[in-house]
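Visitor: This is the structure I have questions about; it appears just below.
The values are calculated or read from the model by the stated rules, or taken from the named source; none is laboratory data. These figures come from a predicted structure and were not determined experimentally. When we count neighbours, we look across all protein chains shown, and the Cβ atoms used for this are built from the backbone with ideal geometry, even at glycine.
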């Protein structure tokens, strides 16, 4: 599934892979992913918006988030950081604290890899733990494609505004 010429996502039914090439250095992307700034770009009026993010950014530290749907329903999720190599890699667990229609409350693992490239950063997401739930994997592949497109648009718009 293509979201923009430089953003893509796919699944084999058990693991989701998504990637984007973003015209900004890894340090900038890392800050946008883990800081309070994430609330400014994660979401859209048509889907959901991140309204509350907090993170104890260290191995073993916990993170929590609340997203608010377009219909006004709050949906919390949380997890733990398993690995952090700023600004190159983040691995974290993730579980919804509500009964997601295709995933339930199953804990999954999300790995973020930020790789410097000539034009900025290649951000790759590997989201695993969907074994036996291919519908959930497909839905999350589509979601990660949207998330990467939102991040790319936000960071690149900020870069243009600063120029």
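Visitor: Going residue by residue through the range 45-60, is there one that turns out to be surrounded by fewer than 15 Cβ atoms within 10 Å (Cβ to Cβ), within 13 Å of the chain's Cα centre (by Cα) and free of Cβ contacts under 8 Å to residues at least 60 places away in the same chain?
Guide: no
Visitor: While we're on this one: With respect to residue 82, is the statement that it is under 18 Å from the mean Cα position of the chain (by Cα), buried (at least 17 other Cβ atoms within 10 Å of the Cβ) and in contact (Cβ under 8 Å) with a residue 12 or more places away in the chain true? Steps first, answer last, please.
Guide: Details: under 18 Å from the mean Cα position of the chain (by Cα): yes; buried (at least 17 other Cβ atoms within 10 Å of the Cβ): no; in contact (Cβ under 8 Å) with a residue 12 or more places away in the chain: yes.
Against the criterion (under 18 Å from the mean Cα position of the chain (by Cα), buried (at least 17 other Cβ atoms within 10 Å of the Cβ) and in contact (Cβ under 8 Å) with a residue 12 or more places away in the chain), residue 82 does not qualify.
Visitor: Surrounded by fewer than 21 Cβ atoms within 10 Å (Cβ to Cβ), closer than 16 Å to residue 42 by Cα and without any contact (Cβ under 8 Å) to a residue 12 or more places away in the chain: is that true of residue 157 in this structure?
Guide: When the stated conditions are applied, residue 157 passes them.
Visitor: Here is a further query. Looking at this structure, is residue 34 over 24 Å from residue 137 (Cβ atoms), in contact with a strand residue (DSSP E or B) (Cβ under 7 Å, 6 or more places away or on another chain) and touching a residue at least 24 places away in the same chain (Cβ under 8 Å)?
Guide: yes
Visitor: Among the residues of the range 17-33, which ones are in a helix (DSSP H, G or I) and over 14 Å from residue 113 (Cβ atoms)?
Guide: Matches in the range 17-33: 27, 28, 31, 32.
Visitor: Assess whether residue 17 counts as being at pLDDT below 95 and either buried (at least 17 other Cβ atoms within 10 Å of the Cβ) or touching a strand residue (DSSP E or B) at 6+ places or on another chain (Cβ under 8 Å) (or both).
Guide: no
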